[in-house]
Amino acid sequence: MASDGGGVKVSWKAPAENEGVKYEVIRDDRVIGVTAGWHLDVTEPGGNYWVRAIDAGGNRSASTAVASP
């Protein structure tokens, strides 16, 4: 996670074989974005962040450990 003063870039390591997988980025218990990539730019920083994967069948993984900017 990186902060540039005006926002944060939430990033994670995604496996090489992740076809059909999407990632939910959660801030303070609310989903703030879904992406098929390995990062999400957040314009309003603050709070605690988690990421979880969603497979092609709609199954969600456990959330990552919390990260704060």
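Checking each residue in the range 40-56 for being of a type outside the set (A, V, I, L, M) and at pLDDT 90 or above picks out D41, G47, N48, Y49, W50, R52, D55. If you filter the range 18-38 down to residues that are open to solvent by 60 Å² or more (accessible area, probe 1.4 Å) and of a type outside the set (V, I, T), you find that the one that is farthest from G7 (Cα to Cα) is E19. Of the set (1) at pLDDT 90 or above; (2) touching a strand residue (DSSP E or B) at 6+ places or on another chain (Cβ under 7 Å), all apply to W12 but (1).
The values are calculated or read from the model by the stated rules, or taken from the named source; none is laboratory data. Source: prediction; values computed, not measured. Positions of Cβ are generated from backbone atoms using ideal geometry, with glycine treated the same way; all protein chains shown enter the neighbour counts. Note: accessible area is taken over every heavy atom of the protein model, side chains too, but ligands, DNA and RNA are not part of it. Shrake-Rupley method; radii C 1.70, N 1.55, O 1.52, S 1.80 Å.
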